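Presented below is the structure to which this report refers.
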Amino acid sequence: MPVESLPGLHAGLLLAAALFCLGLAGLLVRRNIIFMLMCVEICTNAAALAFIVAGAHWGSADGQAMFVFVITLAAAEVAIALALVLQFYRRRHTVDIDQLNGLRG
Amino acid sequence: MSAVFFYISAAIAIASTAMVIFNRNAVHALLYLIVSLLAVAVIFYQYGAPFAAALEVIVYAGAIMVLMIFVIMMLNQGDAAVEQEKEWLRPRGWVGPALLSAVLLAQLVLLLFSGPEETARAAHYVGPKEVGMALFSHYILAVELASMLLLAGLVGAFHLARQKSPEGSENLEKQNAG
Amino acid sequence: MQETFASSVTWMAAWIPLLPLLGFLILISVPLFSRRELPESATAIVGVGSVGFAALLTMFLVFALFRNDPSAVLQVSLWQWLDVSGLQLGFDFHLDWLTMVMLLVITGVGFLIHLYSAGYMRGDDGYRRYFAYLNLFVCAMLVLVLADNLVLLYLGWEGVGLCSYLLIGFWYRDPANGAAARKAFIVTRIGDTAMAIGLFLLFSQFATLNVSGINAAAGSAAAGDFTITLAALLLLGGAVGKSAQLPLQTWLPDAMAGPTPVSALIHAATMVTAGVYLIARLHPLFAASTTAMSAVAIVGALTLLLAGCSALVQSDIKRVLAYSTISQIGYMFLALGVGAWSGAIFHLMTHAFFKALLFLSAGSVILSLHHEQNIFAMGGLRKKIPFTFLCFAIGCACLAALPLTSGFYSKDQILLRAWEFHHGVNGIWLAGLLGALVTGIYSFRLLFLVFFGREGSASAHCEDANNRVMTLPLLMLAALALMGGLMAPPLQSVFGQAAAGHPPAWVEGIAIAMPIIGLAIAWRLFLQKRRPADQPSALHRFWFGGWGFDWLYDQLLVKPFLFLAQINRNDIVDSFYKGTAYASRQLNGLLSITQNGQVRWYMATLVCGSILFLALLVAL
């Protein structure tokens, strides 16, 4: 296991930050719901990466345990979100999120 | 030397993520996302977390992404979707989000590097056994809750995606009457 | 025995103002007990009876206590009114001969006028309301003259002002009457404010508002004390307002819009004399300041001439009498200004008699001619309503101060004192003489135009409107007007013995001659040639409009005020609150735009928020 000469905490967290910001940019730009869900997954994945890096840095299993929970959450969330997308598509025949503005005030 | 592997994997992760967000075809984007997830799994392995890497591949890339592919294919939008995406993704629309994300990234970087200088410690290896023990001793409550969450997700997804089919219920009634 | 007598006397003094108050309360609360209106006789019995009984009580008090003892003083303490950080006031009455004179005038003449009103106002819808207000007025006026401290006096002062407003605007359905009532109230208010400031000044200076306390302190104060002068001038301001002197005299001619008995009682005999009473009551205060005395005398003299000239050219019978009242009260102020305190009060008394007589007779004339008030439509009424003519003639004679009438004695006293005060010929005395001449002219002008000469347009339809209830008061007032000269009240104990002067005989002679010359001029001008000028001259118009004071006040005060009110049409203060509501609504509109239901927009705001938050973290 080549672990001794890895770059360490900063590099990993930096990567996580970069991935998160990329996902965020995609989230803000795209109008297709499916793509937005993908970008949410990117963000979630970046957060999970940060957990693992921190866990490795401190040498405890907490990081990976958190990672398990993050994945569980992501799975449940994707399932429900896609179910909602299916319903939405059946009623409106579009996947444009800008059509979902019924809660305006 | 091993640092090179890290940088290569990192570069692949970033590049494929970029391809995801710029892509016009949904299926292509998903495939790029899977590549990104695999690269991240490699990084997990490099950080001495093989269990996490395995989970990443099996659950995240293998199950979740596949689920998304299924739904996209169910929607069956085809080329019309690609045209639509081309229309929606104008270069001018990228300015604001790019700015916001850049600023946020800059702040995060600043925060990362503003702390006291850490000596570069070596990453530790944390094996599956340790993770299992942590999960089922310290985090047992969270595990139970997570399983309940999954149950809720299951039932919810089933109910929310249900389609009321008029033909089916009519047939049933005809059958019962006759 | 002595104690029970003393306590019963005190009790009687307290009931004098209480009886008219009870009359008011009974009359005003009739609608609470019955749906139907009281019969006129019942109302009259309550209204006239209350003042009648008060008059009886007053006369009994005079006979029992004061007749044989010129220096008698009765002090009645009813209850503790105020006790607040250094200011202690009781509801106290102080009765000496000055008070008794005023009480006799108010209750006596008041009773006669009430009796007359019972006949005059017959058939009017507001019969009960009229007597209620009139009773309230009498009560307030009695409180004013009975008061032992200035705050209680002010209470009565305000009370009479209120009742004056209510009674001027008695026929409220005509907006002109309401306007006249408001004018009276507002103009006297200006005087009242000056008086209130004067009270504040007096309290801060002397730490007491008791009349006796202030008089004693003023008597022992240093000569030329500025505060005393200022306080006296402020009180003069109040007196000027209530007594319709310069410069606040504009309300009295318009106040003739009220019923004629009201004009007789309030605007001739009682309320307008309140100012004279105030100055007489506080005479040590005024005597201590030569500036104030000069001011009083000058105000009196100027008003005397100004109003007299205006009375010369009026065409409404009541307006002539109104200007005449202003002029005669000017005489009283003139008297006060030269130190003739007793003379002023004596003139007040005789003036009450003959002016009430004149007004009530004028009321009879007006009723007889079916509410015609223009003297140029009258004429030759001497044969048609002889009794009224007789009363009116007696009144005019007293007004002009022909020899042997009561007016003659009182006016004579004043002119003599004016001569003595300044030791010889002086402006005040000359003004008084000229005023006597003018008074003679206008009073006989009125008599000749109304009762002599050719018949006017309204005279043809003359029906004598007098009934028994109206003739009795006229008869009594005529008797009082003639005999009043013999009834000089013993006021030396209140005002001190006046030094007996010996003016030369020609001074007396010229004072006697003036009214007779006035009679002769009026005879020449108005008996033999009585058509009014078709094109009134500029001077005529000027005098007719009361020397332009109404116009002046309109330009100076009313128009700027209306202008400012117009500017402030959309209330500036209100706009502050409306502005808050407006800003709130605008902000709401602005913030509502951010709730557009777009998920990406919400996300973008989320990112902005987190950027700001992280920026805070970076900064700290």
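The values are calculated or read from the model by the stated rules, or taken from the named source; none is laboratory data. Please read all numbers here as calculations on a predicted model, not as lab measurements. When we count neighbours, we look across all protein chains shown, and the Cβ atoms used for this are built from the backbone with ideal geometry, even at glycine.
Structure notes:
- Restricting C:Val143, C:Val109, C:Val187 to residues that are within 17 Å of C:Gly363 (Cα to Cα), touching a helix residue (DSSP H, G or I) at 6+ places or on another chain (Cβ under 6 Å) and β-branched (Val, Ile, Thr) narrows the list to C:Val109.
- Counting only residues that are over 9 Å from B:Ile21 (Cα atoms) and not aromatic (Phe, Trp, Tyr), the stretch A:19-28 holds 4 of them.
- Residue within the stretch C:503-513 that is assigned to a loop (DSSP other than H, G, I, E, B) and not β-branched (Val, Ile, Thr) present: yes
- No other residue among B:Leu160, B:Leu149 is under 20 Å from A:Thr72 (Cα atoms), at pLDDT 95 or above, surrounded by 11 or more Cβ atoms within 10 Å (Cβ to Cβ) and not assigned by TED's automatic domain parsing to the domain that holds B:Met74 apart from B:Leu149.
- Checking the stated criteria, B:Tyr32 turns out not to satisfy the condition of being touching an Asp or Glu at 6+ places or on another chain (Cβ under 9 Å) and either touching a residue at least 40 places away in the same chain (Cβ under 8 Å) or buried (at least 17 other Cβ atoms within 10 Å of the Cβ) (or both).
- Filter pass, B:Ile14 being in a helix (DSSP H, G or I), at the interface with chain A (Cβ under 7 Å from one of its Cβ atoms) and surrounded by fewer than 21 Cβ atoms within 10 Å (Cβ to Cβ): yes
- Against the list (1) small (Gly, Ala, Ser); (2) in a helix (DSSP H, G or I); (3) within 25 Å of C:Ala147 (Cβ to Cβ), the condition C:Ala179 fails is (3).
- If you go through the stretch A:42-59 and pick out every residue that is more than 7 Å from chain B (Cβ to nearest Cβ) and over 15 Å from C:Leu606 (Cβ atoms), you end up with 8.
- Here the stretch C:546-603 is the region considered, the condition is being assigned to a helix (DSSP H, G or I) and in contact with a Leu (Cβ under 8 Å, 6 or more places away or on another chain), and the residue that is nearest to B:Trp94 (Cα to Cα) is C:Arg600.
- Number of residues in the stretch A:24-38 that are surrounded by 24 or more Cβ atoms within 10 Å (Cβ to Cβ) and under 11 Å from the mean Cα position of the chain (by Cα): the value is 3.
- Output for the stretch C:6-64, where each listed residue is under 18 Å from C:Arg128 (Cβ atoms) and polar (S, T, N, Q): C:Ser29, C:Ser34, C:Ser41, C:Thr43, C:Ser50
- Within the stretch C:381-403, being farther than 19 Å from C:Ala520 by Cα, not aliphatic (A, V, I, L, M) and not in a helix (DSSP H, G or I) holds for C:Arg382, C:Lys383, C:Lys384.
- Residues located in the stretch B:42-62, provided they are surrounded by fewer than 23 Cβ atoms within 10 Å (Cβ to Cβ) and more than 7 Å from chain A (Cβ to nearest Cβ): B:Val42, B:Tyr45, B:Pro50, B:Ala53, B:Ala54, B:Val57, B:Ile58, B:Ala61, B:Gly62
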